[in-house]
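The structure appears right after this line, and notes come after that.
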Amino acid sequence: MSMYGKILLAIDLSEESDQLIEKTRAIADRNTAELHLIHVIEPLSFAYGGDVPMDLTTIQDQLDEHARSKLEQYAAKLEYPIAGMHIVSGHTETEIHRIAEELDISLIIVGSHGRHGLALLLGSTANSVLHGATCDVLAVRVKES
Ligand code: AMP
């Protein structure tokens, strides 16, 4: 029985993302799911408050291009047909929710560090994704590499 027909895997493209591969493939296989990948690029203007005395467009384009090629390498490692690769810019959790709703996703997969102390107070992407999601969310525990 296919419970999760459409899966969205959120990846930050760090080395830790590799730890999401096996479980994602197994769940997608079992559900014969359509698998989508998303990577969100937070615009440079967010970090610099939109008040930088130079044009960031070229640097932003290079970052987008770099993300695309890293995402393609990642997709190849998954060894599962990818229905869509979504590279979007904005706030990470907002964009994950937006794309999940747009695509009518039934399961979002994110990585989760077992945080404690101050890092826990600051919150994690996994936590924020879970909160606003209208579908199931799987947080796969990753170890810091
Ligand atoms: P964090 O706990 O904030 O380091 O984020 C852990 C997980 O959130 C990652 O394994 C990804 O699943 C997801 N994530 C974080 N940043 C991004 C991003 N820029 N684009 C897509 N997913 C992300």
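General observations
- Failed item, numbered, when Glu93 is tested on (1) outside any strand (DSSP E or B); (2) more than 10 Å from the ligand (Cβ to nearest atom); (3) in contact with a helix residue (DSSP H, G or I) (Cβ under 6 Å, 6 or more places away or on another chain): (2)
- Meets criteria (open to solvent by 30 Å² or more (accessible area, probe 1.4 Å), modelled with pLDDT under 95 and either within 15 Å of the ligand (Cβ to nearest atom) or among the hydroxyl-bearing types (Ser, Thr, Tyr) (or both)) for Thr58: yes
- Condition check for His113: exposed (fewer than 14 other Cβ atoms within 10 Å of the Cβ) and within 16 Å of the ligand (Cβ to nearest atom): no
- Test: residue in region 10-23 that is part of a loop (DSSP other than H, G, I, E, B), of a type outside the set (Asp, Glu) and either in contact with a Lys or Arg (Cβ under 7 Å, 6 or more places away or on another chain) or surrounded by 18 or more Cβ atoms within 10 Å (Cβ to Cβ) (or both): yes
- Residue check for Ile38: under 17 Å from His113 (Cβ atoms), in contact with a helix residue (DSSP H, G or I) (Cβ under 7 Å, 6 or more places away or on another chain), open to solvent by less than 50 Å² (accessible area, probe 1.4 Å) and within 12 Å of the ligand (Cβ to nearest atom): no
- Of the residues making up region 84-98, those that are under 11 Å from the mean Cα position of the chain (by Cα), open to solvent by less than 60 Å² (accessible area, probe 1.4 Å) and either over 14 Å from Thr125 (Cβ atoms) or acidic (Asp, Glu) (or both) number 5.
- Among the residues making up region 62-83, a single one is acidic (Asp, Glu), part of a helix (DSSP H, G or I), touching a residue at least 12 places away in the same chain (Cβ under 8 Å) and open to solvent by 70 Å² or more (accessible area, probe 1.4 Å): Glu72.
- Residue match in region 121-140 (condition: among the polar types (S, T, N, Q), at pLDDT 95 or above and away from the ligand (no atom under 14 Å from the Cβ)): yes
The values are calculated or read from the model by the stated rules, or taken from the named source; none is laboratory data. Because the structure is a prediction, the values reported are computed rather than measured. When we count neighbours, we look across all protein chains shown, and the Cβ atoms used for this are built from the backbone with ideal geometry, even at glycine. Just the protein is used for accessible areas: all its heavy atoms, side chains included, with ligands, DNA and RNA removed. Shrake-Rupley method; radii C 1.70, N 1.55, O 1.52, S 1.80 Å.
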